[in-house]
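Written below as structure tokens is the structure these notes are about.
Just so it is clear, none of the values below were taken in a lab; they were calculated from the coordinates. What you see is a predicted model, and the numbers here were worked out from it, not measured in a lab. Ideal geometry is used to build each Cβ from the backbone, glycine not excepted, and the neighbour counts take in all protein chains shown.
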Amino acid sequence: MIDSLESAVENLLKSFDEDKLTVQDCENFINEVPRFTVKHGIAETRKFLEYLGNPDENMKIIHVAGTNGKGSVCCYMQSVLMKAGYKVGLFTSPHLVKINERFCVDAKPIADGLFVEIFVETLRRVTEYQEENGKEAGNADGGENTFQYFPTYFEFLFFMAMILYDVYPVDYLILETGLGGRLDATNSVAKPLVSVITEIGYDHMQYLGETLEEIASEKAGIIKKDVPVVVFDKRPETTEVIKSKALEMDTRTTVVKAENIDNVRIEGDNGGNKHIAFCYNSLYDKYVDLNLSTVAKYQTENASIAIEALEILKNQGTKISELDIREGLISARWEGRMEEIRPGIYVDGAHNIDGIEAFLESCSELECDGRKLLLFGVASDKQYSEIVKMILRTGQFEGIYAAVLETSRSVSVSDLKAAFEDAKEELGIIGLPVKYYSNVADAVTDIITMRKSGDLVFAAGSLYLAGQIKSFA
């Protein structure tokens, strides 16, 4: 544990000079940062970007916000742009297994050595900025931090991304917001090429607001003057908030409607591999028989959002063909979203009401010769009691394995038991076996051992769960 931010910085820089600094050392430091600082406003974040030389102003940026589907939309756009021959940077959150995943170049996480290099450069620039702007004793929590300004966890990672893609330029940079939009560190970028807002739903209400309109207003905060915006029209009340903000900022809104997505179906090839096929009527073209390498029908919505954003880039001069779009969509792989990690074992990071609803619909579409089993884990700040009821209400799982996640945010075993028992009583469910585990590893071992031929295994409830399963799958 870090006792002093200043001494920790000095030790890290010394370790780097001695060629001893590791990615884990860097991550441990970033994880400790929240103890010593507080979130900064966009003006302060922008000021530090200016100190870095306004690197964003030389980048072609695509900015993505929303409640669900942000990462998938980013992935589809990345894949299509790569097919079109462009070098693409991607900054996303959170990571599933390793922190390097947050910084990609052409769909590959940056190497450990480069991560450490960029981490140290960011640390040095923060230190220099502090020295040039003066120091004052004390900080927000009364500790002994002598830094007047130090980025928060996400702000630090965002600045790392700005330095990374400035030193090692890409043709296009896709930026995913961390939380919300209006106050998100990524919203300090001056002028993206296009802003994208995916599905709006209930999540992080303690920060973004209690109503869908309030949440949509926070997400719409990324909209900038004369920067076209693409929005998915799932709920009229959120769409109107976004369109109103776009009108205020004098920019054009492209609305992706569910009715323009049709003929959605699951198909299989001769090798038994399943994928989604669908058609989409965009604002400019009609795309027939597009294919996605997933069994999750909800990904047709995210792919359609990506198509509209790519159409805007085409109108701005980006060379993208229909073949690029087709091949880019089918070749895209976004981990932890209805991902088949082994034959018959699917992992999905769904963690809020809308995400779980889409996950359950995808599960129901898959034919099963045996039982459907669910491994479940969830964070305590989610609407987990309602999520449990949603899961049980479908009646499609014949066995549930509920586990505590390896994070302080996890729901405890006792709270998991209470949620499932209360839901079973309320719904009048008798006989459904639910097993509880103090860790994910034991739950995975048990569910794999109990699995029979023809059974399908699903895991959902948290991206933490998805990452933990993938770390030892």
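Where in the stretch 28-72 does the amide nitrogen come within less than 17 Å of the point 7 Å from the Cα of Asp226, taken along Cα to Cβ?
Answer for this model: 57-61.
For the stretch 339-472, what's the relative contact order in percent, using C-alpha pairs closer than 8 Å and at least 6 residues apart?
Reported relative contact order: 40 percent.
As a test of the definition: which semi-axes, in Å, follow for the stretch 5-257 when you take the square root of five times each eigenvalue of its alpha carbon gyration tensor? Largest first, please.
That gives 32, 21, 16 Å for the three semi-axes.
Restricting to Cα atoms and excluding each atom paired with itself, what does the Kirkwood estimate give for the stretch 339-472 in Å?
Kirkwood radius, the stretch 339-472: 14.5 Å.
Taking amide H positions as placed in the peptide plane 1.01 Å from N, state which residues far from Gly399 in sequence (5 or more) or on other chains have amide H under 5 Å from it.
Leu374
Taking the Cβ-Cβ separation of Val23 and Lys87 as r and a Förster radius of 25 Å, what is the calculated FRET efficiency to the nearest 0.05?
0.60
For a quick protection proxy, order the peptides 285-292, 66-73 by their average other-Cβ count within 10 Å, most packed first.
66-73, 285-292
Enumerate the lysines that Lys424 could reach by cross-link, defined here as Cα to Cα under 22 Å, with residues fewer than 8 away along the same chain left out.
Cross-link targets: Lys372, Lys382, Lys389, Lys435.
Using a Förster radius of 41 Å, what is the FRET efficiency between Ala277 and Leu114 based on their Cβ-Cβ separation? Nearest 0.05, please.
Rounded to the nearest 0.05, the efficiency is 0.60.
Under 15 Å Cα to Cα from Lys98, which aspartates and glutamates show up? Leave out anything in the same chain fewer than 8 places away.
Cross-link targets: Asp25, Glu27, Asp112, Glu335, Glu406.
Find me the longest stretch of the chain that has none of the exposed GluC sites (Glu not before Pro), where exposed means in a DSSP loop (not H, G, I, E or B) with at most 10 other Cβ atoms within 10 Å.
The segment 211-366 is the longest one with no such site.
Mind giving me the nanometre distance, one decimal, between the label points for Lys191 and Asp250, set 7 Å out from Cα along Cα→Cβ?
1.2 nm
Report ³J(HN,Hα) in whole Hz for each residue of the stretch 18-23, in order, from the Karplus equation J = 6.51 cos²θ - 1.76 cosθ + 1.60 where θ = phi - 60°; Gly and Pro get x.
Whole-Hz 3J(HN,Hα) from phi for the stretch 18-23: 8, 6, 10, 6, 10, 4.
Find how much the distance from Thr407 to Asp262 grows on full extension, using 0.36 nm per residue of separation minus their present alpha carbon separation; answer in nm with one decimal.
Gain on stretching Thr407 to Asp262: 48.2 nm.
Multiply the residue separation of Asn54 and Asp269 by 0.36 nm, subtract the distance between their alpha-carbon atoms, and state the gained length in nm to one decimal. If you can, show how the numbers build up before the last one.
Details: separation 215, 0.36 × 215 = 77.40 nm, distance 4.88 nm.
Full-extension gain reported as 72.5 nm.
What's the FRET efficiency of Arg342 with Glu132 using the Cβ-Cβ distance as r and R₀ = 56 Å, to the nearest 0.05? Provide the component values of the computation, followed by the final result.
Numbers: r = 53 Å, r/R0 = 0.95.
So the FRET efficiency works out to roughly 0.60.
In the stretch 348-391, whose amide N lies under 13 Å from the spot 7 Å out along Cα-to-Cβ of Asn31? List them in ranges.
Zone members listed by number: none at all.
Counting just the Cα atoms, what span does the chain cover along each of its three principal axes? Round to the nearest Å and put the largest first.
For the chain, the Cα extents along the three principal axes come out at 66, 52, 42 Å.
May I ask what percent, to the nearest 5, of DSSP beta bridges between residues of the chain are antiparallel? Working shown, then result.
Values: 21 of 57 bridges.
Rounded to the nearest five, the antiparallel share is 35 percent.
In nanometres, what is the gap between the two model label sites at Arg333 and Phe472, each 7 Å from Cα along Cα-to-Cβ?
It works out to 2.3 nm between the two label points.
At 222 nm, what helix-only mean residue ellipticity would the chain give, in deg cm²/dmol to the nearest 500, using -39500 (n - 2.57) for each DSSP H run of four or more? Display every interim value, and only then the final one.
Details: 16 runs with 196 residues, N = 473.
Per the formula, -13000 deg cm²/dmol.
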